[in-house]
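Notes for the one structure printed next.
Since every read-out is calculated from the coordinates, none of them should be taken as a lab result. All figures in this text were calculated on a predicted structure; none of them were measured in a lab. Here Cβ is always computed from backbone atoms with ideal geometry, including for glycine, and neighbour counts include all displayed protein chains.
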Amino acid sequence: MSDTHLDLNLIPYLVAMEDTRNVSRAAEQLGVSQPRVSTALGRLREYFNDPLFVRTSKGMEPTPRALAILPAARDALLRIEKGMLDVQEFNPDTSTHTFSIALSDVGEIVFLPRLLQLFAERAPHANLRSVSLPPSHVERGLESGDVDLAVGYFPDLSGNNFFQQRLFTHRFICLMRAGHPLSRAPLTLAQYVASGHAVVRAEGRSQEVLEQYLAKKRITRRAVLETPHFMSLPFILARTDLIATVPHAIGFAYVSEHASITLVEPPLPLPRFDLRQHWHRKFHNDPRGTWLRGVVAELFNDALDEWPK
């Protein structure tokens, strides 16, 4: 044998020659030219110092040396193929992967309960991790793979390196305590402007849609309270006469759990915003990511939007 290392790229040529016993048919099986097979066979002969295949009345026949090394060659190809396929496959039934999803606190209320229910059924050993990040950090997290998916309103994730899929469209609604004087009749714009408001300044971007719309219309609210959190709103509103304007999904979720607050339609046609899922193109063909995106799209779409219109 030659002292040089065996070029593993030559192994398929050896196996193809044994399969076909013909240089032309081996080339056809491999999808290469006949001279390329001849060159590869020449290099193999030089390495093993053996003709490997010789012409007989039955065609090209393997030598004893070739017959001795062919089982190992076939096993090597099978191992490589299996290893590559194993990497490409994803089995949710057995996966213990922790999926990381960038969500706002509103997004947690909208998406997490149903996702957890589905995970319990289809991926019982996998885990979910919700992360709340500044917009600039979401992009880096998706790029590095620390974040598998960003779900919600992320208008900055629109560059060529990101894919996105629209899920459904949501709107805004007003929240106030159940016994609020303004809850008995349709809310007017004058009442809306004159009232004290609890304004959420969260990392989630959906509130920016509302603020930009009000600024464009030159509508100024009196922000009696500014808070970075949605979660405290039901308790604050229940004890004050403040009004909060929030994404309608969180409004309905709060009312279903807190009898002390109620919903009121806003007095003007506030803008709507699309909720989407976003992922980095580097992971577009990743089996785990493909499965997760399929699950999200299956659960959250216009047809299955569970929040009242």
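Among ALA215, ALA198, ALA297, which one moves the most in a GNM of the chain with springs linking Cα atoms closer than 10 Å?
ALA215
Sorted from fewest to most neighbouring beta carbons within 10 Å, what does the list MET231, MET60, MET17, MET176 look like?
Exposure proxy ranking, most exposed first: MET231, MET60, MET176, MET17.
Find which of ILE243, LEU157, GLN29 sits farthest along the positive direction of the dipole of the chain, computed with +1 on the beta-carbon of Lys and Arg, -1 on that of Asp and Glu, about the Cα centre.
The listed residue farthest towards the positive side: ILE243.
Under the rule a/c < 1.5 gives rounded, and otherwise a/b versus b/c splits prolate from oblate, where does segment 8-88 land using the Cα gyration tensor?
Prolate is the answer for segment 8-88, as a/c is 1.5 or above and a/b outweighs b/c.
Between GLN34 and LEU6, what is the FRET efficiency for a Förster distance of 30 Å, r being their Cβ-Cβ separation, to the nearest 0.05?
Here the calculated transfer efficiency is 0.85.
State, as an integer percentage, the relative contact order of the chain based on alpha-carbon contacts under 8 Å between residues 6 or more apart.
Averaging sequence separation for qualifying contacts and normalising by length gives 20 percent for the chain.
Give me the log10 of I(q) over I(0) for the chain at q = 0.06, 0.11, 0.12 Å⁻¹, as the Debye formula computes it from C-alpha points; what are the numbers?
-0.40, -0.77, -0.86
If the chain between THR220 and GLN165 were fully stretched, how many nm would it gain, using 0.36 nm times the residue separation less the Cα-Cα distance?
16.4 nm
Summing -39500 (n - 2.57) over the DSSP H runs of n ≥ 4 in the chain and dividing by its residue number, what mean residue ellipticity at 222 nm do you reach, to the nearest 500 deg cm²/dmol?
Rounded to the nearest 500, the figure is -13500 deg cm²/dmol.
If contacts are Cα pairs under 8 angstrom and at least 6 residues apart, what is the relative contact order of segment 124-221 in percent?
Normalised by residue count, the contact order of segment 124-221 is 29 percent.
Using 15 Å as the cut-off for backbone N distance, which residues of segment 226-242 belong to the label zone defined by a point 7 Å from the Cα of ARG201 along Cα→Cβ?
From segment 226-242, the list is 226-230.
Could you grab the relative contact order for segment 8-88? Cα pairs under 8 Å, six or more apart, rounded to a whole percent.
Reported as a whole number, the value is 28 percent.
Could you check which residue among ASN285, ASN160, ASN22 shows the biggest mean-square fluctuation in a GNM of the chain with a 10 Å Cα cutoff?
Of ASN285, ASN160, ASN22, the most mobile in the Gaussian network model is ASN22.
Helix by helix, which DSSP H runs in the chain go 27 Å or more along their axis at the Cα atoms and have an average Kyte-Doolittle hydropathy of 0.0 or more?
Counting only whole DSSP H runs, the qualifying helices are 64-88.
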